[in-house]
Structures are given as C-alpha cells and as structure tokens.
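First up is the structure itself, then whatever we jot down about it.
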Amino acid sequence: MTPTTHLNIEKIRADFPILQTTVYGRPLVYLDNGATTQKPRQVTEAISNYYDTYNANVHRGVHYLSQVATDAQEAARSKIARFINAKHDYEVIFTRGTTESVNLVAYSFCKQYLKAGDEVLISGMEHHSNLVPWQIACEDHGATLKVIPIDDKGELILEDLDQLLTARTRIVALTWVSNSLGTVNPVAEIITRAHARNIPVLLDAAQAIQHTHVDVQALDVDFLVFSGHKIYGPTGIGVLYGKEALLNAIPPYQGGGSMIKSVSFEKTTYADLPFKFEAGTPDVAGIIGLGAAIDYVNEIGLDNIIAAEHDLMTYAQQALSGIKGLRFIGDATHKAGTLSFLIDQVHPFDIGELLDKQGIAVRTGHHCCQPVMEHFHIPGTVRASFSFYNNKEDIDRLVAGVEKAAQMFV
Ligand code: PMP
C-alpha cells in the first residue's frame with residue numbers, strides 16, 4: 001500500500017480506546033464501521049464533561065447551567081451547519097438519527113404535498129429506512145412508490161430516470177452512498193434532473209457524511225439526513241437538514257414542549273425553525289457529543305480521511321480479489337467505505353462467524369437492504385466497512401481470515 005496520506009494512524013488509533021480491546025484473546029479488528037463507527041476519547045469526554053459539569057435542560061431555565069448547556073447545544077448546531085455548508089444554523093434539525101429524519105420528512109412533507117395518484121421516487125439500493133417510511137406515506141395518501149432500478153454492477157440505471165420523473169412525482173428520496181454495496185451515486189446529476197422538473201430531493205447521507213465532502217448549497221439539495229453515530233459521534237442523535245422555505249412549508253412531525261409559540265385549547269402556534277421540529281427535551285449530551293465528533297473530523301481533515309480510506313479500500317480490494325472463489329457483490333466504478341463479497345456458495349453468516357472467532361468484526365446478512373439481495377439472488381453478503389483508523393494489519397488479518405474460511409468451507 002503506497003500511502004497518499006500523511007496521517008499518523010498509530011497516533012489516531014490511540015484516540016480510540018476500544019481499538020485496544022481483545023476479542024477471544026485476539027486484538028480486535030473492527031471492520032463494521034458502516035454499522036457504527038467507534039468514538040474517540042474527545043467525544044466521550046465532551047459527553048461526560050457535560051454531565052459532570054453543566055448538565056441542565058436547554059432553552060428553558062434562566063439559570064446559569066441552563067444557559068451554558070443551551071450555548072453548547074447551539075454551538076454544536078453551528079458546527080454541523082458549517083460542516084455541511086448550510087446557509088442557516090436553523091436549517092439543521094436534531095433528530096434521533098437518519099431513520100427518524102426520513103420519517104419526519106415522509107410524514108410532514110407528504111402530509112402537505114402528497115395526494116392520491118401522486119408518486120414518490122426512490123432507488124433500488126435504499127436502506128429500509130429510506131424505503132419503508134415512503135411506502136407508509138404512499139399507503140396513507142393513495143400514492144405510488146416508484147423505483148430507479150439497479151444493474152449488476154450495483155449502479156443506478158439512469159437511462160430510465162426521465163421516464164420515472166413524471167408530472168406526478170412529488171419527491172425523490174435517494175441514498176448518496178449504498179450501505180450494502182458501497183456504490184457512490186451521482187447525486188448532483190440526479191438533483192439537477194429532478195429540479196429541472198421542480199421536484200425536490202432528499203439525500204440519505206448516512207454513509208456519505210463520514211466519507212465525502214457534503215455541501216448542501218453547492219448540491220442545492222432540499223433535504224439531507226444522517227446519523228451522528230456513523231461519523232464518530234454518539235448513538236441516538238442525528239440530523240435533518242432542510243431548506244428554510246421547505247421546512248417552513250411543512251407541518252410539525254411531533255407535538256409537545258419546546259415546539260410551540262403559544263398554546264390554548266383552541267389553537268396552538270408553532271415555534272420558528274429549528275424548534276418547530278424539536279418537540280420535547282433534546283438529546284443535549286448527544287448533540288454536544290456530535291459537535292465534538294465534527295471538531296475531531298475537522299482536526300484530522302476530511303481530505304486526509306478520504307485519502308486514507310481510499311488507500312485502505314484499494315489495498316483490501318486487491319488482496320481479497322486474490323482469494324479463490326471470492327466475488328464482490330457490487331462492482332461500481334465509484335465506491336466509498338464498503339466492500340461486500342461472497343465466497344462461492346458459502347453462507348455469509350458462516351464466514352462472519354469464523355471471522356468473529358478470530359476477533360474480526362464484519363457484518364453479514366442483508367444489511368437492511370432486502371431488495372438489493374433479491375436483485376442479486378443472494379441471501380446476504382459479508383460486508384467489510386472501513387474507517388481511517390483501520391490499518392494495513394487489519395486488512396491483512398481480514399484477508400487471512402477469509403482465506404481460512406474459503407479453505408474450510410469450499
Ligand atoms: N441509511 C443508510 C444508507 C444506512 O447505512 C443506515 C444505517 N445502516 C441508515 C439509513 C439508518 O441509520 P440509523 O439506523 O442510524 O437511523
């Protein structure tokens with residue numbers, strides 16, 4: 001592997017205490033970053049510092065701690081807004097994660113705009129989180145869910161796009177990077193083509209936010225969603241970015257405290273953005289932790305991260321392709337973060353279990369993408385997903401483990 005990055009990986013690994021863990025007596029090899037990333041000390045310390053020194057509810061108390069907590073929460077919102085280049089901080093809404101962000105838009109946008117006979121367009125490689133909420137919304141409103149098909153390389157078939165974008169299409173909801181195949185979709189082109197017909201686009205950036213530069217204004221994307229835990233932040237916190245005009249045009253998702261201007265039994269008026277969509281006490285610790293994660297990524301440098309991960313993917317792809325009987329599932333020209341593969345007829349679960357016994361964490365199964373597995377007529381895949389804190393030894397151990405599985409089962 002010829003490194004194109006000058007990151008000091010060993011120094012970085014020291015920021016992640018969990019990477020020193022042993023599993024069944026072997027040093028952990030963590031290659032399940034697509035499911036969730038590990039957390040650097042800087043993130044866990046920011047969270048415990050909040051609980052230990054300024055724990056209070058936000059936007060409510062006049063007292064000192066409440067103001068410190070509110071400032072910290074809003075500082076995190078600003079960091080995230082800058083990270084994705086949102087025009088306004090209040091276009092960043094905190095949710096529990098990608099799933100809740102998609103559900104929010106599928107509920108609120110569709111309540112406002114989806115009528116019987118209308119259509120929602122998704123793709124054939126969506127995570128269930130960006131499929132089921134739209135299916136529910138279509139059922140509720142008498143609309144039809146349409147799908148951009150995928151080919152055997154695991155890429156979208158865009159020749160069909162102009163037929164799929166019709167006068168009845170109300171929204172396009174699409175993943176930027178596929179969690180099951182690693183495919184990076186040409187989202188800028190799709191947004192341009194949808195906008196040419198005045199159709200808004202939601203991007204699921206759950207697998208993009210940690211591997212690529214996200215600039216919502218340059219993309220002109222209407223909604224963008226991601227989870228904190230996939231970008232070194234805590235679980236239970238996520239983001240919905242939405243353009244101000246659209247967020248103002250759609251109704252709230254949940255009612256409760258904090259999202260109101262005034263309440264009477266006759267009528268409630270809603271708070272301004274972002275609070276209209278943030279009913280109840282937010283996950284203050286999670287938001288502060290996510291802010292610390294963004295600081296961490298900025299400090300390492302996203303360009304360095306992208307280069308390191310590119311090196312790892314290239315090295316892993318080359319090494320794995322030498323294994324007899326191994327085939328990659330998804331052979332897209334542009335991939336990020338993830339390699340999915342199978343060995344002859346061996347069930348992916350058997351490979352995963354054998355790797356686990358050697359201390360190597362990968363994910364096996366359908367990865368919440370059953371339609372993708374149906375397309376390839378397979379029960380699932382073995383998925384190795386990478387982060388910049390992985391090193392060459394991690395890949396060498398993965399390759400040795402997969403080789404062993406190939407010898408045992410084939
Ligand atoms: N979309 C994609 C592409 C994902 O990879 C994931 C998580 N695997 C999700 C949505 C759902 O994310 P969460 O479970 O954090 O809500």
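Among the numbered criteria (1) part of a loop (DSSP other than H, G, I, E, B); (2) open to solvent by 30 Å² or more (accessible area, probe 1.4 Å), which single criterion is violated by Gly154?
So Gly154 meets the others, but not (2).
What are the residues in the stretch 198-235 that are crowded, with 24+ Cβ neighbours inside 10 Å, in a loop (DSSP other than H, G, I, E, B), near the ligand (Cβ under 8 Å from one of its atoms) and not hydrophobic (A, V, I, L, M, F, W, C), if any?
Of everything in the stretch 198-235, just one residue is crowded, with 24+ Cβ neighbours inside 10 Å, in a loop (DSSP other than H, G, I, E, B), near the ligand (Cβ under 8 Å from one of its atoms) and not hydrophobic (A, V, I, L, M, F, W, C), namely Gln207.
Starting from residues that are within 13 Å of the ligand (Cβ to nearest atom) and open to solvent by less than 20 Å² (accessible area, probe 1.4 Å), keep the ones in the stretch 107-128 and report whichever is nearest to the chain's Cα centre (by Cα).
Going through the qualifying residues, I end up with Glu126.
Could you figure out which of (1) of a type outside the set (Ser, Thr, Tyr); (2) open to solvent by 20 Å² or more (accessible area, probe 1.4 Å); (3) outside the structural domain of Lys111 (by TED's automatic domain parsing) isn't true of Ile305?
Just one mismatch for Ile305, condition (2).
Among the residues in the stretch 278-285, are any surrounded by 17 or more Cβ atoms within 10 Å (Cβ to Cβ), outside any helix (DSSP H, G or I) and within 16 Å of the ligand (Cβ to nearest atom)?
Checked against the condition, which is being surrounded by 17 or more Cβ atoms within 10 Å (Cβ to Cβ), outside any helix (DSSP H, G or I) and within 16 Å of the ligand (Cβ to nearest atom), the stretch 278-285 yields at least one hit.
Out of Gly61, Gly25, report the one residue that is open to solvent by 10 Å² or more (accessible area, probe 1.4 Å) and in the same structural domain as Leu398 (by TED's automatic domain parsing).
From the options Gly61, Gly25, the qualifying one is Gly25.
Take the stretch 154-180 and flag every residue that is closer than 19 Å to Ser227 by Cβ, of a type in the set (A, V, I, L, M) and in contact with a Cys (Cβ under 9 Å, 6 or more places away or on another chain).
none
Glu299 versus (1) surrounded by fewer than 20 Cβ atoms within 10 Å (Cβ to Cβ); (2) touching a residue at least 12 places away in the same chain (Cβ under 8 Å): which is the lone unmet condition?
(2)
Yes/no matrix, rows are residues, columns are (1) outside the structural domain of Thr22 (by TED's automatic domain parsing); (2) farther than 15 Å from Phe328 by Cβ; (3) out of contact with any helix residue (DSSP H, G or I) (no Cβ under 8 Å at 6 or more places or on another chain):
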{"residue": "Glu353", "(1), (2), (3)": "no, yes, yes"}
{"residue": "Lys357", "(1), (2), (3)": "no, yes, yes"}
{"residue": "His366", "(1), (2), (3)": "no, yes, no"}
{"residue": "Gln370", "(1), (2), (3)": "no, yes, no"}
{"residue": "His377", "(1), (2), (3)": "no, yes, yes"}
{"residue": "Gly380", "(1), (2), (3)": "no, no, no"}
{"residue": "Ser385", "(1), (2), (3)": "no, no, yes"}
{"residue": "Asn390", "(1), (2), (3)": "no, yes, no"}
{"residue": "Lys404", "(1), (2), (3)": "no, yes, no"}
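Of the residues in the stretch 236-248, how many are open to solvent by less than 10 Å² (accessible area, probe 1.4 Å), part of a loop (DSSP other than H, G, I, E, B) and either away from the ligand (no atom under 13 Å from the Cβ) or at pLDDT below 95 (or both)?
Of the residues in that region, 0 qualify.
For the stretch 1-22, which positions are open to solvent by less than 30 Å² (accessible area, probe 1.4 Å) and modelled with pLDDT of 95 or more?
Matches in the stretch 1-22: Ile12, Arg13, Phe16, Leu19.
Can you tell me which residue among Ala188, Ala194 is in a helix (DSSP H, G or I), open to solvent by less than 10 Å² (accessible area, probe 1.4 Å) and away from the ligand (no atom under 11 Å from the Cβ)?
The unique qualifying residue is Ala194.
Ala46 is checked against (1) open to solvent by less than 60 Å² (accessible area, probe 1.4 Å); (2) touching a Lys or Arg at 6+ places or on another chain (Cβ under 8 Å) and fails just one. What number does that condition carry?
All conditions pass for Ala46, except number (2).
The values are calculated or read from the model by the stated rules, or taken from the named source; none is laboratory data. Remember, predicted model here, so these are calculated numbers, not experimental data. Backbone-built Cβ (ideal geometry, glycine too); neighbour counts: all protein chains shown. Protein only, heavy atoms only, side chains kept; ligands, DNA and RNA dropped before computing areas. Shrake-Rupley method; radii C 1.70, N 1.55, O 1.52, S 1.80 Å.
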